[in-house]
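The values are calculated or read from the model by the stated rules, or taken from the named source; none is laboratory data. Predicted model only: the values in this text are computed from it and were never measured. In this analysis, Cβ positions are derived from the backbone assuming ideal geometry, glycine residues included, and neighbour counts consider all displayed protein chains. Each accessible area value is taken on the protein alone, full model and side chains, heavy atoms only, with ligands, DNA and RNA left out. Shrake-Rupley method; radii C 1.70, N 1.55, O 1.52, S 1.80 Å.
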Amino acid sequence: MTDFDSIVIGAGNGGLTAALALAKSGVKTLLLEKHNIPGGCATSFIRGRFEFEVALHQLSGVGTEEFPGPLRGTLNDLGVLNKIELIRMENLYRLIYPGQLDITLKAERTALVTELKEHFPDEASNIDHFFDFMYEFCNQWIGITIMHDPKASPKKYPVYFKYALKSTQEIFDEFFNDDLLKLTIGIYWCYVGVPPSKLPFSDFAIVLWAYTEFKPWHIKGGSQALSNTLLDSFMEAGGEVKFNCGAKQIIVEDGKVIGVLTDDDDEITTERVISNIGTLNTYVNLIDPKHVPNARIKELSARNIGTSFVTLYMGFDKEPQELGITETTNFITNTVDIDKTWTTSKTLNPAQSMLFTCYDVNDPDFSPPGTCQAALVAMAYSEPWLNIPSAQYAEIKYQHAERLLDILETAFPKCRAHIEEIDVATPITHMRYLGHPGGAVYGFDNLAKDSELLLEKSSPIKGLYHCGAWVGMGGFQPTLTSGYSTARVVIRSLK
């Protein structure tokens, strides 16, 4: 008789949905979390009179009651949909290239295409053809990956099989001539973490299609509100949680899980563990090497640790409109060369492109009256930050922040003078709070060679399961749904 039917390690998005799904099904479950609050990236923190959102910018996959998306179904199945308030965004994003382009795109196909054709009239027919192609691709993707068509074949789904692993840049070059148009349509590459030249078209197409069809959403109260709701529901269903207590070891015997040793040195028996802390952390740090097949270590060592971020969390003493902020989601760039943007993120040079998210545009109650808050986010890999001498870290961090504010001023000149609170996070910050290698937010780089279409997701150790960004795509929708899906596999194994 084991202490628990299952143990979930890590109370991030995937861990929370996995734990809740298990508990609701009557599976006796323990949730372990090193931090003192639930959420992982889906958390908040307080500075002055502001409660800052850590990571959520646009929630995808929700859809409407009439046209529900997959995440709406997941949250409804978990019984938490009616416990949170969701606010729909009408627009995808505003893209600002100072002196070159300022365009706002609607989260609706016809309006989106119309706006693009007005700005790029010479590419009008190409735009029509591209969106027809992308929608056909996504329809075939649904047949294969969502409907699990047992008769799937290159003959039945020719567009998907031909283009799924081609780079997004190849597709853009096939359809378009204008580099500024390619930038405008492709800016969501930042939500996946690798540039179009390296990003499988399958990953990009699904992101753009999902936001267009199911709309981007905001959670009233921020992502912490969702994390708290998931945790409360888990405990109401009989689940147990330990905070400030991670896992020190997953105990394996004869190729199968038999328990977990916690940071408190408690040995807890179980035959099923769901790890939401990443495959690298799990196999390298938590399991005795003699129990990890060489093939799994070889596979992990061949992958690339993904990007982290430098984030400026800012509270302003003015409301958004007074600062010229009219959209929640704003991309700011000073180049059409996306590969240059990505290369720069591997240095300490100021970013070429950034995301500026002001939550109060869609949720006026998000900040105190007469104020607003925003996050300025630039991709940044950890290596150059790890090489900074500790005595110089603070100075370099704030110098870097000043240079990012210089770029922000080119698009929003009023903001800098009205900053009331500011906090700066770097890849080092994300490493400390998330415990991820390199502070990587999306897990591994989403390169074609590491596509989830090609990788083995199941564990070589019986009773060990995974969820989260390190075994699929990063971002909120993929990680929330991955935990739920993994839990269902465990539940089926029990029944």
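Annotation: amide H-H contacts under 5 Å for R47 (H modelled 1.01 Å from N, sequence separation of 5 or more, or interchain): F52.
Could you do me a favour and compute the accessible area per residue for segment 196-239, 1.4 Å probe, result in Å²?
Values: 1090 Å² over 44 residues.
Value for segment 196-239: 25 Å² per residue.
Across segment 160-175, rounded Karplus estimates of 3J(HN,Hα) from the backbone phi angles (6.51 cos²θ - 1.76 cosθ + 1.60, θ = phi - 60°) give 4, 5, 7, 10, 3, 9, 5, 6, 4, 5, 4, 5, 4, 5, 6, 9 Hz, Gly and Pro being marked x.
A dipole drawn for the chain from +1 and -1 charges on Cβ atoms has a positive end, and of V257, G324, N177 the residue lying farthest that way is V257. Distance between the 7 Å Cα→Cβ label points at I46 and R403: 3.5 nm.
Note: relative contact order over the chain, using C-alpha pairs below 8 Å and six or more positions apart, is 24 percent.
What Kirkwood hydrodynamic radius do you get for segment 271-315 when you take the inverse of the mean 1/r over all pairs of distinct Cα atoms, in Å?
Evaluated on segment 271-315, it is 13.0 Å.
Counting 0.36 nm for each residue step from D264 to L494 and taking away their Cα separation leaves a gain of 80.0 nm. Under a 5 Å amide H cut-off, with hydrogens placed 1.01 Å from N, K106 pairs with L92, L112 among residues at least 5 apart or on other chains. Across q = 0.13, 0.25 Å⁻¹, segment 114-191 modelled as identical point scatterers on its alpha-carbon atoms has Debye log10 I(q)/I(0) values of -0.47, -1.18, in the order of the q list.
Quotient of the Cα radius of gyration of the chain and 2.2 N^0.38 Å, N being its number of residues: 0.96. Along its three principal directions, the equivalent ellipsoid of segment 1-75 from the Cα gyration tensor extends over semi-axes of 26, 22, 8 Å, largest first.
Between N387 and S125, what length comes free when the chain is fully extended (0.36 nm per residue of separation minus the Cα-Cα distance, one decimal in nm)? If you can, show how the numbers build up before the last one.
On the way: separation 262, 0.36 × 262 = 94.32 nm, distance 4.90 nm.
89.4 nm is the gain from fully extending N387 to S125.
Starting from the Cα gyration tensor of segment 81-210, multiply each eigenvalue by 5, take the square root, and state the resulting semi-axes largest first in whole Å. All intermediate terms of the calculation are to be shown ahead of the outcome.
Values: eigenvalues 130, 85, 39 Å².
Gyration-tensor ellipsoid for segment 81-210: 25, 21, 14 Å.
For a test of the definition: using alpha carbon positions, the gyration tensor, and the 1.5 limit on a/c, classify segment 268-424 as rounded, prolate or oblate. Prolate, since a/c reaches 1.5 and a/b exceeds b/c. Report the calculated FRET efficiency for Y135 and M1 (r = Cβ-Cβ distance, R0 = 56 Å), to the nearest 0.05. Between Y135 and M1 the formula returns 0.60. Once you reduce segment 262-313 and segment 133-196 to the center of their Cα atoms, the two points are 31 Å from each other.
Calculated on the Cα set of segment 178-285, radius of gyration then Dmax: 20.6, 61 Å. Quick note on segment 249-348: its Rg to Rh ratio, both from C-alpha atoms and Rh being the Kirkwood radius, is 1.21. Of the trypsin sites (Lys or Arg not before Pro) found in segment 102-167, those in coil by DSSP whose Cβ has at most 16 other Cβ atoms within 10 Å are K151, K155, K156, K166.
Distance from the alpha carbon centroid of segment 337-384 to that of segment 1-71 works out to 24 angstrom. How many angstrom lie between the Cα centre of segment 459-490 and the Cα centre of segment 78-120? Distance between centres, Cα-based: 29 Å. Taking GluC sites (Glu not before Pro) across segment 25-118, the ones in a DSSP loop with at most 16 further Cβ atoms lying within 10 angstrom of their Cβ are E65, E66, E85, E90, E108.
In units of the compact-protein estimate 2.2 N^0.38 Å, segment 379-435 shows a Cα radius of gyration of 1.28.
If you average the sequence gap of Cα pairs under 8 Å that are 6 or more apart and divide by the length of segment 50-170, what percent do you get for the contact order? Could the numbers behind the result be given before it?
Working: 68 pairs, mean separation 11.1, N = 121.
Relative contact order of segment 50-170: 9 percent.
Share of carbon and sulfur in the accessible area of segment 345-495 stands at 54%, probe radius 1.4 Å. By the compact-protein rule of thumb, 2.2 N^0.38 Å, the alpha-carbon radius of gyration of segment 346-491 corresponds to a ratio of 1.31.
May I ask you to work out the translational diffusion coefficient for segment 70-118 at 10 °C, viscosity 1.306 mPa s, via Stokes-Einstein with Rh from the Kirkwood sum over Cα pairs, reported in whole µm²/s? It would help to have the intermediate numbers written out before the result.
On the way: Rh = 13.4 Å.
For these conditions, the coefficient is 119 µm²/s.
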